[in-house]
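Data block below; observations after.
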Amino acid sequence: MAAPRIIVIGGGLAGLAAVIKIAEMGADVDLFSIVPVKRSHSVCAQGGINAAKNLKGEGDSTWIHFDDTVYGGDFLANQPPVKDMCEAAPGIIDLLDRMGVPFNRTPEGLLDFRRFGGTLYNRTAFAGATTGQQLLYALDEQVRRYESEGKVKKYEHWEFLSAVLDGNRVCRGICAMDLRSMEVRTFPADAIIIATGGNGAIFGKSTNSVVCTGSAQSALYQQGCYYANGEFIQVHPTCIPGNDKLRLMSESARGEGGRVWVPKAPGDKRDPKTIPQNERWYFLEEWYPKYGNLVPRDIATRAIFKVVFELNLGIDGKPMVYLDLTHIDRKILDRKLEGILEIYEKFVGDDPRDTPMKIFPGMHYTMGGLWIDFKQATNIPGIFAAGECEYQYHGANRLGANSLVSCIYGGQIAGPNAVKYARGLQALPDGNGVFEAEKKKQEDANSLLMNNQGTENPFRLWQELGELMTKDCTVIRYNKNLQQTDAKLVEMLERFRKVNLSDRTQWANTSVAFTRQLYNMLQLARVIAQGARMRDESRGAHYKPDFPERDDKNFLKTTKAYFAPDADEPKFEFEEVDVSLIPPRPRKYDAAK
Amino acid sequence: MANKSVIIKIKRQNNPTSNSYWEEFELAWHPGMNVISSLMEIAANPVTRDGKATTPITYDSNCLEEVCGSCAMLINGRARMACSALIDNLEQPVKLEPFSKFPIVRDLATDRSVIFENLKIVKAWVPIDGTYDLGPGPRVSPEEQEQAYPISRCISCTCCMEACPQFNEDTGFVGAATIAQVRLFNTHPTGKELQRERLSALMGDGGIQECGYAQNCVEVCPKDIPLTKAISEVGGAVMKQAIGDLFRR
């Protein structure tokens, strides 16, 4: 029997972890990515990766990591896979260490660990403040090794368009587009793994990279995959506002002692360094004495919103607060945080070693995603998912430094399960008809866009989408606004039909690719808005002032959206959450758990 | 500051074989602009300075925080990353051109995949036994980590190659970035197993001997990687191995 052929879509940490496992098992892998895989969004992860190695004599354990993760996620995550992930984490760190990741070290040459949000333990291994970059490079190097041995074939600058499904709705491959020649082609596979990251672009400006549009997930949702917990969007408390994106200022800045404050006097125009201690308000430390500046992100973000919008204490009356590192020794800052300090210096022009940084919350992470089972399989046979594009590990709020571990772990589970599934798969009986049909469908979609004579500029439509979603679907949510948001999305989908491409050429046409993504963003935005509308409670990152409490009786459930093609809109089901290991309890960070 | 504007001149080319041409754009100034945000504004309103409708500019970009290595181009003649090129710090008109030493895809996008091929040639990886749970890696002192980490921050942007007078079709020079990676892996406790092969790959035509010590690489590197130091260290090791090989024959 021929070796199974697996297609992996996305070359970030999850995709590359899957590729390595598959190649190791002797199967063939085709790896598809919009950008060269070394340029994937995982490079943006800064602060570190969690694993309860307990190298600081604090009595940490994988169970406490598991409990912190479930509690931080406000009990919305299915518990067995989270427990497995936390148990695998120390081994993952060892593997990365063996691959040569230049983790920071203790004087004895052991791995150093720092503290992150939502925990009281030093559990986060780190390589300066560019940990994601270093981890991605380690996996990229191992994949390059397999590539040079002929076990992996890369398709870089190719974009996934859709899955090829047979008459029984079993996945038989993918349809993709060469972003240079604009050629649409189908590729057969026995199983595919989606590892395409988050959907920040739906919110216009976010901390995400340009490729993080959620387009692949949305395409699959429109083909019949369930999309789970779409309404759970993480807004990171500390970002640098910008015209083109919101640049992340890592939680590790607070992990190393950074303090968040505002001047006590509204509109205080003094240089922050001249404001005496007793005229500063360290509001996180006051409100959350036990966790202080290291409360989970949803809590810190809401606190900043309260200070800025309710109490009108933003710096100079603007939506900004200080993140202050100036009290920390410069040598320590350089050794542990240089990467992020450099970002602030380059993009803002001030040296955060000398002056407090001005920051504000920004859309950061997609907790929801493609629905998968405990083997990372979606509901369509042959389609697996791993990494930020799926929903499994973070519940209603992700803890800092858990994303890198969930990406690698998810990839390591998805890879072998895809191979196992592929080995048991019956060959496709009826030839190539389904491939031809899918290819034609996608080519038709392209020519429709190319020839459309309308008035809507896709880039401007996208800006409107981002502003709409950021305003009503992020930190504070009201049912009335969510309803209006969905109505506006319907209107925008209607306007999309009048889209006009200013570029109609057949070579490296970025407008075509972008406009296709935009359509998928609009469809997925409805899942987010409607999911948020339906969940009348507050849980983790999902906060409704009209329903301020968590409601386990009615909403301790996974939201599952599926696409109804005839109605052209999402429908919803709700699924029980597996809370078999830790009984849900109230989540409070003003005291120790 | 009212009505202040930004003039951007862009060298365009529709495909790899067509002729290049220049287009000029005028944008309203606002604080915090950079080259990428300007290109995004042009995409939303693709009209030249003289009012002619045109196409959005094709360029590579991804992270927009200078860590993915995508958006390298010539900005006012200098090889650098577009996302971190703040408009306020640039002389106007801002002149954007694609890299000159790599095949042009379209407009400002070039095919720089040669760097990834070079990384294959020098086996820039640690040859681990497998991904099974085999316990922790070798101990590494903080001093060794502090040597390795700066080199490991290379984003493969290829600015060092564009700026290098020796990097061209005649020499086939691998370029500074790849040589620095040899330095990185040859000093890793497990990585150095492949030391000899890596050094051999840097001997002969296109190898480390092509370096003319112009030092342009260090000057343009956006990550301040000690490239010339790495080149001289690797150069010494290559020389030592070459002489050793001579005597072993």
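Things worth noting here:
- Restricting segment A:335-355 to residues that are assigned to a helix (DSSP H, G or I) and free of Cβ contacts under 8 Å to residues at least 12 places away in the same chain leaves a set whose member that is farthest from the other protein chains (Cβ to nearest Cβ) is A:Glu345.
- Among the residues listed as A:Glu438, A:Glu443, A:Glu467, the single one being at pLDDT 95 or above, among the acidic types (Asp, Glu), assigned to a helix (DSSP H, G or I) and farther than 30 Å from A:Asp166 by Cα: A:Glu467
- In segment B:25-43, the qualifying residues are those that are more than 16 Å from B:Ile10 (Cα to Cα) and at pLDDT 95 or above, and the one that is surrounded by the fewest Cβ atoms within 10 Å (Cβ to Cβ) is B:Ala28.
- Filter result (facing chain A (nearest Cβ under 7 Å) and either touching a residue at least 40 places away in the same chain (Cβ under 8 Å) or on the phi < 0 side of the Ramachandran plot (or both)) within segment B:135-151: B:Pro136, B:Gly137, B:Arg139, B:Val140, B:Ser141, B:Pro142, B:Gln145, B:Ala148, B:Tyr149
- Residues that are on the phi < 0 side of the Ramachandran plot and surrounded by fewer than 16 Cβ atoms within 10 Å (Cβ to Cβ) within segment B:210-225 comprise B:Gly212, B:Ala214, B:Glu219, listed in sequence order.
- Criterion applied to A:Ala401, A:Ala396 was being crowded, with 19+ Cβ neighbours inside 10 Å, at positive phi, touching a Lys or Arg at 6+ places or on another chain (Cβ under 8 Å) and of a type outside the set (S, T, N, Q), and the one residue passing it is A:Ala401.
- Segment A:487-541, subset assigned to a helix (DSSP H, G or I) and within 14 Å of chain B (Cβ to nearest Cβ), residue surrounded by the most Cβ atoms within 10 Å (Cβ to Cβ): A:Thr515
- Unique residue being in contact with a strand residue (DSSP E or B) (Cβ under 6 Å, 6 or more places away or on another chain) and more than 7 Å from every other protein chain (Cβ to nearest Cβ) when the list is B:Cys159, B:Cys164, B:Cys154: B:Cys159
- Members of segment B:188-198 found to be more than 13 Å from B:Asn118 (Cα to Cα) and in contact with a helix residue (DSSP H, G or I) (Cβ under 9 Å, 6 or more places away or on another chain), listed by number: B:His188, B:Pro189, B:Thr190, B:Gly191, B:Lys192, B:Leu194, B:Gln195, B:Arg196
- Close pairs from segment A:276-293: first free of Cβ contacts under 8 Å to residues at least 40 places away in the same chain and polar (S, T, N, Q), partner part of a helix (DSSP H, G or I) and surrounded by 13 or more Cβ atoms within 10 Å (Cβ to Cβ), Cβ under 7 Å, at least 6 apart: A:Asn293/A:Arg254; A:Asn293/A:Leu284; A:Asn293/A:Glu285
- Matching residues, segment A:410-448, being within 14 Å of chain B (Cβ to nearest Cβ) and surrounded by fewer than 19 Cβ atoms within 10 Å (Cβ to Cβ): A:Pro416
- Qualifying residue in segment A:366-382 (condition: of a type in the set (Asp, Glu) and under 27 Å from A:Ala18 (Cα atoms)): yes
The values are calculated or read from the model by the stated rules, or taken from the named source; none is laboratory data. All of these numbers come straight from a predicted model, not from anything done at the bench. Note that we place each Cβ from the backbone using ideal geometry, even for glycine, and neighbour counts take in every protein chain shown.
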